[in-house]
Amino acid sequence: MKATETKLSGCFILEPNVFGDHRGYFFESFNKQSFEAATGAEVNFVQDNQSFSSKGVLRGLHAQKGEFAQAKLVRVLQGAVLDVAVDARPNSQTFGQHVAVELSAENKKQLFVPRGFLHGFIVLTDTAEFFYKCDNYYHKDAEWGVKYNDEQLNIEWQMPSELFKLSEKDEILPSFAEAVNHI
């Protein structure tokens with residue numbers, strides 16, 4: 001596995017070693033020892049989640065706070081998404097900065113999103129199947145988020161906003177400045 005740290009400390013793009021031949025391919029999508037050696041992050045994933053979405057569906061930006069914060073290892077099983085991680089750790093040198101990486105079934109890249117980060121994605125293909133591991137259980141009362149089009153974050157979602165499909169919950173999320181005052 002190749003691990004490349006992004007400009008955000010602790011946030012990594014992971015690329016598996018893929019072994020292919022005329023029959024197809026094989027790769028190890030997660031190995032705790034290899035992951036920890038490559039990233040320096042100790043994890044104990046306890047929950048797997050999967051979603052299926054159509055083109056233009058934007059999910060995010062979401063996180064959990066306090067003792068319920070989650071680190072995530074995300075990947076795409078079918079289709080392609082633009083995946084975004086935002087550093088929301090108040091004491092971080094990259095607080096308020098983000099990275100965006102295309103994850104697809106074809107490139108097989110994964111993104112490790114540490115605790116204290118907001119996370120979201122938009123579907124770039126007709127459909128996408130998105131899969132992620134979490135190192136903490138979901139708690140509804142610990143949910144928080146930031147509006148996808150926050151001016152301070154200035155995320156380029158690679159698609160015209162008139163094509164976006166958002167949940168009612170995501171449409172009314174606060175700005176980054178408003179939200180971080182309550183975490």
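Considering only residues in segment 142-175 that are within 21 Å of Gly66 (Cβ to Cβ) and among the hydrophobic types (A, V, I, L, M, F, W, C), the one that is surrounded by the most Cβ atoms within 10 Å (Cβ to Cβ) turns out to be Val146.
How about segment 73-123: which of its residues are polar (S, T, N, Q) and either buried (at least 21 other Cβ atoms within 10 Å of the Cβ) or touching a strand residue (DSSP E or B) at 6+ places or on another chain (Cβ under 7 Å) (or both)? Correct list: Gln78, Thr94, Gln97, Ser104, Gln110. Scanning segment 30-53 for residues that are acidic (Asp, Glu) and more than 16 Å from Leu111 (Cβ to Cβ) yields Glu36, Glu42. In the condition set (1) assigned to a strand (DSSP E or B); (2) within 14 Å of Cys134 (Cα to Cα), Glu67 is compliant with all but (1). Pull up segment 83-116, narrow it to residues that are touching a residue at least 60 places away in the same chain (Cβ under 8 Å), hydrophobic (A, V, I, L, M, F, W, C) and out of contact with any Asp or Glu (no Cβ under 6 Å at 6 or more places or on another chain), then point me to the one that is nearest to Phe35 (Cα to Cα). So, considering only residues that are touching a residue at least 60 places away in the same chain (Cβ under 8 Å), hydrophobic (A, V, I, L, M, F, W, C) and out of contact with any Asp or Glu (no Cβ under 6 Å at 6 or more places or on another chain), the one nearest to Phe35 (Cα to Cα) is Phe112. Asp21 meets all of the listed conditions (1) among the acidic types (Asp, Glu); (2) surrounded by 12 or more Cβ atoms within 10 Å (Cβ to Cβ); (3) within 27 Å of Thr127 (Cα to Cα) but one, namely (2).
Where a number appears in this text, it was derived from the coordinates with a stated rule and is not lab data. A quick note: this is a predicted structure, and the numbers were derived from the prediction, not measured. Here Cβ is always computed from backbone atoms with ideal geometry, including for glycine, and neighbour counts include all displayed protein chains.
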